[in-house]
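Single-structure report; data block below.
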Amino acid sequence: MSVVLIVEDETQVLILAESVLQEAGYETVSASTVAEALAIVESRDQQIDLLFTDLGLGDEIEGGLAIGQGFAKSRPGMPVLYTTGRGVTDGMMALFVEPNGFVAKPYTVDQLKTAVAKLLGQ
């Protein structure tokens, strides 16, 4: 079973993403801050097949980019799915790690499931 790390600071959005992905057959692990997420990413005991992160986390407007970069260093080649409701600049997109995907908030259940499945090659 594939494991998705969801990083989202809005509780309602986090719960929705967890329930959608669990219903789709994925196991989920979650974090709501950059520090929590990086601790999970750097833990060798935790399987993670895909990172799904909000770009803006609390006061850290580009916190999701930092998590993506840390994830790419710790687990090269693993896919990252980014999301935000604020719009993305070309400069931000240049910092997306490969392979990646993007879903704009508010995303639909189908958009989220499709993006995750595509990145996991399912």
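Structure above, values below:
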| quantity | calculated |
| --- | --- |
| For the chain: relative contact order, % (alpha-carbon pairs under 8 angstrom, 6 or more apart) | 23 |
| Estimated [θ] at 222 nm from DSSP helical runs (n ≥ 4, -39500 (n - 2.57)) normalised by residues in the chain, nearest 500 | -12000 deg cm²/dmol |
| Distance between the stretch 34-65 and the stretch 76-106 - C-alpha centres, whole angstrom | 13 |
| Note, ³J(HN,Hα) from phi for the stretch 88-104, Karplus 6.51, -1.76, 1.60, rounded to Hz, x at Gly and Pro | 10, 8, 4, x, 5, 4, 5, 8, 5, 7, 9, x, 9, x, 9, 10, 7 |
| Only Lys, Arg (+1) and Asp, Glu (-1) charged, at Cβ; the chain dipole about Cα centre in debye | 360 |
| Rounded to 5, percent antiparallel among DSSP beta bridges of the stretch 3-119 | 5 |
| 10 Å beta-carbon shell around residue 2, net charge (K/R +1, D/E -1) | -2 |
| Order of 107, 26 under a 10 Å beta carbon neighbour criterion, fewest first | 107, 26 |
| Amide H within-cut-off set for residue 29, under 5 Å, with H built and near neighbours excluded | 4, 5, 6 |
| Convex hull volume per residue in cubic angstrom - Cα atoms of the chain | 91 |
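Every read-out reported here was derived from the displayed coordinates using simple, explicitly stated rules and does not represent laboratory data. From a predicted model like this one, the values you see are computed outputs, not experimental measurements. All Cβ positions, even for glycine, are placed from backbone atoms using ideal geometry, and neighbour counts span all protein chains on display.
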